[in-house]
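Bear in mind these aren't lab numbers, they're just calculated from the coordinates by the rules spelled out. In this text the structure is predicted, and so the values were computed from the model without any measurement. Cβ atoms come from the backbone with ideal geometry, glycine included; neighbour counts cover every protein chain shown.
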Amino acid sequence: TTASTYANKDVLRTRFAAAMSSMYRSEVPLYGDLIEIVRNTNKSVLNDVNAKAQPSDSRGINVTIERLSQERHGAIRLGTPYELRIIKRVFELLGMYPIGYYDLSIAGLPMHATCFRPLEISSLDSNPFRVFTTLLRPELLVSENARRISLDLLDKRNIFSNVLLKILDEAEVKGGRLNEDKTEIFIQEALSAFSWQPIAAATFDQYEILKAEHPILADIACFKSAHINHLTPRTLDISAVDLAMKRAGMAAKDTVEGPPARECPILLRQTSFLALEEAVRFRWNENQSIDGDVSRGALIEASHRARFGEIEERGAAVTQKGRELYDRLLRESQKQRAGTTALKAAEITTKVFNEFLDTWRELRLQNLIYCEFKLKKAATMLSLDSKNGPILEQLISMNVVEAVPITYEDFLPFSAAGIFQSNLQSSNSSQCVSQSGADLKGLEEAMNTSISDLDAWYSAVQMKSLKDVGKSLGFTLE
Ligand code: OOG
Ligand code: NI
């Protein structure tokens with residue numbers, strides 16, 4: 001047979017994300033419970049919106065239930081440039097590309113990150129699966145010993161099967177496309193790189209040394225896979241899900257990361273339930289084989305805490321100006337919040353964020369958010385006059401053009417850091433990292449690809465929509 005049909009990347013990504021979700025559900029059953037809570041909440045929010053006959057985007061909820069019910073992000077922590085380069089190739093076959101740079105050293109973590117996700121709007125609509133992918137920066141570790149042990153462990157491990165590597169090679173020869181008859185095996189082999197491996201690659205001593213330096217370091221370097229450490233469904237009402245999680249007895253974080261609750265949601269609000277204690281078995285010493293005698297008693301039985309459940313509510317993407325305002329208000333509220341209770345902290349944040357306008361119209365007019373412009377009705381004989389202000393605004397008030405806030409598809413470094421910290425119970429997190437700053441070039445070199453710029457991406461989406469609307473109206477909009 002001539003197997004010349006290639007898999008559609010959007011379909012493949014959907015299958016992969018679903019397979020990963022079911023793997024994680026069986027590994028971490030609490031994640032399954034969380035999915036149920038989120039599904040029920042989303043259903044009732046959408047019912048509400050429909051019952052009130054509001055336009056569905058009045059809260060920035062321009063999302064279909066189809067997209068929503070599959071929407072997830074995951075996170076992995078990689079140890080070496082080699083691992084990152086292979087992962088990049090795996091994601092490429094799934095139509096996911098690196099966008100955005102996240103410096104986590106600002107939070108005392110020896111790593112930086114990017115997000116792999118679809119870049120086309122149609123692909124995002126079909127399945128927006130994204131993976132927050134961090135890479136260890138060994139050069140930031142203060143302890144020589146910890147650096148040596150972790151690099152040694154990472155150097156010895158191989159998280160990818162030969163079958164997977166071969167499939168990647170073959171697909172790339174064909175221009176980065178996967179034969180349909182290879183999809184099942186590809187999904188299985190790729191998934192295994194993200195699966196939980198209950199027998200550690202490190203000895204117990206090595207684990208203890210790295211964990212004392214930083215629990216994240218132990219999580220990155222001591223295992224045989226790059227286990228997915230959480231999978232996050234998107235909710236339309238994070239406050240409601242947060243409450244339901246606590247009612248269901250889950251040990252949830254006490255504060256929600258990101259901006260406070262608003263009429264017009266912006267960026268990203270996130271919270272999580274804490275990482276679970278999971279059984280892990282370690283070798284006594286390096287002479288003991290990992291794959292040989294693993295019967296009970298031959299290994300040290302211990303546990304590790306890394307994997308958790310998270311939820312998020314997505315709002316509008318903000319412009320650079322909006323982002324600067326967000327960052328300033330976040331810093332301000334953090335300063336004022338220091339040492340207060342969670343309840344008080346929420347109050348303070350809400351008050352500080354009053355400065356961030358809260359109607360879609362004002363947000364747009366102040367150039368704080370990005371919008372997609374859509375033609376609402378065929379327009380003939382428009383009486384437009386540039387003396388009456390910007391043409392675009394006239395079209396919007398005449399109901400000819402609609403401005404729909406663009407959903408923020410990415411992450412926030414301070415929120416990520418907050419999520420990391422809450423799952424580590426580490427007291428000395430900033431002491432193990434030397435001050436150094438962002439290194440976008442370093443991450444790009446490590447993966448041998450350039451990383452798309454976040455702001456440029458949203459700005460291009462907005463511009464394209466303007467151009468399209470202008471074209472159908474027969475003039476140029478800007
Ligand atoms: C990644 C944490 C960041 C998010 O949603 O901000 C993240 C990690 O814990 O490895 O997933
Ligand atoms: Ni996350």
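Among the listed pairs Lys166/Lys441; Lys441/Lys467; Lys211/Lys441; Lys253/Lys344; Lys253/Lys351; Lys166/Lys224, which are separated by more than 24 Å between their Cα atoms? Where the Cα-Cα span goes over 24 Å, the pairs concerned are Lys166/Lys441; Lys441/Lys467; Lys211/Lys441. Applying D = kT/(6 pi eta Rh) to region 284-404, where Rh is the Kirkwood radius over alpha-carbon pairs, T corresponds to 25 °C and eta to 0.890 mPa s, the Stokes-Einstein value obtained is 122 µm²/s. Judged by the mean number of other Cβ atoms found within 10 Å, the most tightly packed of the peptides 337-350, 461-474, 77-90, 135-148 leads the ranking 77-90, 135-148, 461-474, 337-350. Mind checking which aspartates and glutamates have their Cα closer than 17 Å to the Cα of Lys182? Skip sequence neighbours fewer than 8 apart in that chain. Excluding near neighbours in sequence, the set is Asp10, Glu92, Asp169, Glu170, Glu172. What angle do you read, to the nearest 10 degrees and between 0 and 90, between the alpha-carbon axis of helix 413-422 and the longest principal axis of the chain? Long axis of 413-422 versus the principal axis of the chain: about 40 degrees.
Rounded if a/c is under 1.5, else prolate if a/b beats b/c, else oblate: with a ≥ b ≥ c from the C-alpha gyration tensor eigenvalues square-rooted, which is region 217-346? In terms of gyration-tensor shape, prolate.
Angle of helix 342-352 to the longest C-alpha principal axis of the chain, folded into 0 to 90 degrees and rounded to 10: 40°. The alpha carbon radius of gyration of region 119-172, expressed as a multiple of 2.2 N^0.38 Å, is 1.75.
Taking θ as phi - 60° and the Karplus parameters 6.51, -1.76 and 1.60, the scalar couplings of region 261-275 work out to 4, 9, 4, 10, x, 10, 6, 8, 10, 9, 8, 8, 9, 5, 4 Hz in sequence order, x denoting glycine and proline.
Each residue in Ile419, Ile65 was given a count of other beta-carbon atoms within 10 angstrom of its own, and listing them fewest first yields Ile65, Ile419. Relative contact order of the chain: 20 percent, from C-alpha pairs under 8 Å at least 6 residues apart in sequence. Against the chain, whose longest principal axis comes from its Cα atoms, helix 162-173 is set at around 40 degrees. Separation of region 221-292 and region 328-380, taken as the distance between their Cα centroids, equals 26 angstrom. Region 185-252: D in µm²/s via Stokes-Einstein (Kirkwood Rh, Cα pairs, 25 °C, 0.890 mPa s)? Diffusion coefficient, whole number: 166 µm²/s.
Fewest-first ordering of Glu445, Glu409, Glu27 by other beta carbons within 10 Å of each residue's beta carbon gives Glu445, Glu27, Glu409.
The H on the amide N of Gly315, modeled in the peptide plane, is under 5 Å from the matching H of Leu267, Leu268, Arg269, Tyr408, each at least 5 residues off or on a different chain. Neighbours of Thr340, meaning other residues whose beta-carbon lies under 13 angstrom from its beta-carbon, give a summed charge of +2 when Lys and Arg score +1 and Asp and Glu score -1.
Our compactness index for the chain, the C-alpha radius of gyration over the empirical 2.2 N^0.38 Å, is 1.03. Evaluated over the Cα positions of region 53-189, the convex hull gives a direction-averaged projected area, one quarter of its surface, of 11.3 nm². Panel values: region 129-244, Kirkwood radius from alpha carbon pairs, Stokes-Einstein at 25 °C and 0.890 mPa s, translational diffusion coefficient 145 µm²/s. Rounded to the nearest 500, the helix-only mean residue ellipticity at 222 nm of the chain stands at -13500 deg cm²/dmol, with each DSSP H run of n ≥ 4 adding -39,500 (n - 2.57). Annotation: amide H of Leu236 within the under-5 Å range of Asn42, sequence separation 5 or more or interchain, hydrogens built in the peptide plane.
With a simple spin-label model that places each label point 7 Å from the Cα along the Cα-to-Cβ direction, the separation between Asn354 and Ser44 comes to 3.1 nm. The mean sequence separation of alpha-carbon pairs under 8 Å and at least six residues apart, normalised by the residue count of region 118-217, gives a relative contact order of 31 percent.
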